[in-house]
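Enquirer: A single structure is presented below for examination.
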Amino acid sequence: MKHLAALAGLLGLLGACSTDHSTTNQATRLGPPDAGGAYAAPPVGSFPSDEATVNRWVHAQDMRAIRAHAWDIWQSINTLTPDSLPVWETWYSGHELFERVTATRTVVHDFNSPVQFFHASVVKQRGIPSDPAEMPISFNRYSPSLANFIWTNRLYDSAVLAQKYQAVVRSGAPLAQRGLLTSKDSVDKASFALKPVFQFIRGDSASVVPYWAGTAPGATTDLDNPEPHTWRQCVIVDPTGRLKPGTTARMSCNGESPRDWPVVSMKDFYSIQITAAEAASYSKFAEESGDEIGRGNLGDTTSIKQLVKAGNYALLTGMHVTGKEISNWTWQTFWWSPNGHDAVFGNDRPKTLPAPWNHYNMLAAYYMVAPAGTRTGGQPLIVFNPYLETNLTGTVANGAGSKGSTQWYGVFSNCMSCHRLAAWPQGQYTSSGYIDPGDSAFFTGNLKTDFLWSVATRARPISPAQLKLLRQLRPAKPAGAAGAGK
């Protein structure tokens with residue numbers, strides 16, 4: 001069982017967000033926060049859209065409409081609250097939902113090694129960077145609607161999942177229908193699950209920050225698994241201001257020979273500055289938590305603790321954004337780029353998108369294969385985040401009656417295909433292609449968890465005493481802002 005006591009230390013991770021950038025405060029579009037101080041994503045452009053509209057784009061493979069919608073979602077969740085936080089920063093963390101032991105909450109930055117839950121078994125044989133500063137770190141966020149449903153329906157409790165599985169089996173439901181919902185209906189426009197990814201830098205000197213430039217030899221030293229520590233293109237950021245944006249400086253990028261790299265502004269990133277209180281609380285959390293803090297993943301607790309030091313900064317370098325406007329969810333993924341006009345991934349970015357959010361490129365996966373809806377054959381739609389999937393590799397069986405298997409890599413993955421496989425108690429993984437919800441090879445003996453691996457992997461046994469405590473909890477709005485933009 002995971003150590004529930006670890007969350008008490010975690011909730012001390014009061015995030016002091018050092019946004020230090022100029023944005024337009026659009027809080028007037030926001031509704032009131034919930035009792036825990038979390039805001040719902042406000043309407044922006046085509047968001048929210050009804051299920052029929054989004055599915056019409058999907059069936060027509062209208063990527064222009066899909067991408068425009070994804071950008072609207074990005075602008076929505078990054079709308080500033082009255083406390084100068086982007087909306088998503090007020091949302092609930094995975095630890096609040098799955099390990100919570102206190103009735104009050106603050107904005108939490110529960111930095112974890114960004115292995116995608118089930119990915120640990122995929123990458124456990126691979127080496128890790130020798131320099132912990134090369135490891136991007138992440139945490140989860142759940143919108144108020146989704147968090148409330150998980151909480152009130154006890155989807156954090158493995159006994160509840162077992163009961164749901166037994167109930168669907170007794171009902172005689174076909175395999176395709178053996179699953180749970182994470183909302184009242186099959187869609188919920190207010191439901192989002194996020195996976196932000198951060199890169200840590202020093203606060204007292206300049207740092208080199210690698211960025212994704214593709215899989216060409218000039219961009220990475222590993223064409224199969226081009227993880228961030230293999231990237232060969234970099235920028236320099238200097239929180240002290242001694243190096244000026246627009247100039248160049250000579251530094252080493254990922255251990256290669258020093259060369260001149262462009263200096264960019266801290267304002268080009270969304271950033272969080274670590275306070276002494278955060279560092280101390282995180283150290284305790286990393287020591288006690290049974291969560292994905294590097295053990296068996298991309299790093300170890302000692303290495304990750306070295307990153308969370310007072311005065312250091314966490315730069316937002318990427319984010320998975322998953323919304324439930326359709327039953328298969330919408331999938332859009334973002335990553336930082338120095339190029340604000342990337343011809344493939346960012347040239348259609350709305351001009352109304354304020355800094356620093358206009359420095360992030362995007363791909364969207366609203367279907368698994370083309371033509372959309374194809375059950376056999378079809379061309380897999382490849383959509384991955386360079387910070388979250390490039391480390392992955394594995395094999396998948398060639399099919400019934402075959403003893404052979406095919407090697408796959410994360411750079412050939414699809415977000416929707418991956419999350420369609422989310423199931424309890426023993427979900428499996430393949431990288432892309434159409435996933436039939438009635439596929440016996442994947443789902444026999446499993447309860448599908450509505451595309452959320454977090455429910456499948458983080459639900460744990462709850463003792464009667466813990467359940468009594470959990471039932472007594474009532475979220476309370478924080479007394480003050482959890483951080484403020486400078």
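Enquirer: Could you order peptides 330-336, 436-442, 197-203, 81-87 by the average number of other Cβ atoms within 10 Å of their residues, highest first?
Expert: Working: 330-336: 25.4, 436-442: 13.9, 197-203: 22.4, 81-87: 19.7.
Highest-to-lowest ranking by the protection proxy: 330-336, 197-203, 81-87, 436-442.
Enquirer: Something else about it: Can you figure out the FRET efficiency of D439 with I382, using R₀ = 22 Å and their beta-carbon distance, to the nearest 0.05? Working shown, then result.
Expert: Numbers: r = 21 Å, r/R0 = 0.93.
Result of the calculation: an efficiency of 0.60.
Enquirer: Taking other Cβ within 10 Å of each residue's Cβ, how do S265, S93 sort, fewest first? Write out the running numbers ahead of the final one.
Expert: Working: S265 18, S93 23.
The fewest-first ordering by Cβ neighbours comes to S265, S93.
Enquirer: Would you kindly state how much longer the chain becomes between D260 and D204 on full extension, computed as 0.36 nm times their sequence separation minus their alpha carbon distance, in nm to one decimal?
Expert: Numbers: separation 56, 0.36 × 56 = 20.16 nm, distance 2.04 nm.
Result for the pair: 18.1 nm of gain on full extension.
Enquirer: Right, next: Between A277 and R64, what is the spin-label point distance in nm, taking each point 7 Å from the Cα along the Cα→C-beta axis?
Expert: About 5.1 nm, to one decimal.
Enquirer: Moving on. Please find the FRET efficiency linking M251 to A35, where r is the Cβ-Cβ separation and R0 is fixed at 30 Å, and quote it to the nearest 0.05.
Expert: For M251 and A35, the calculated efficiency is 0.05.
Enquirer: Related question: If the chain between A173 and A310 were fully stretched, how many nm would it gain, using 0.36 nm times the residue separation less the Cα-Cα distance? Don't skip to the end; give the middle numbers.
Expert: On the way: separation 137, 0.36 × 137 = 49.32 nm, distance 5.35 nm.
In short, 44.0 nm is gained.
Enquirer: If I take R0 = 22 Å and measure r between the Cβ atoms of T215 and D342 in this structure, what FRET efficiency does the formula 1/(1 + (r/R0)^6) give, to the nearest 0.05?
Expert: On the way: r = 15 Å, r/R0 = 0.70.
Using R0 = 22 Å, I get an efficiency of 0.90.
A short reminder: the numbers here are calculations on the coordinates, not readings from a lab. Nothing here was measured: the structure is a model prediction, and the numbers come from that model. Here the Cβ is made from the backbone with ideal geometry for all residues, glycine too, and neighbour counts use every protein chain on show.
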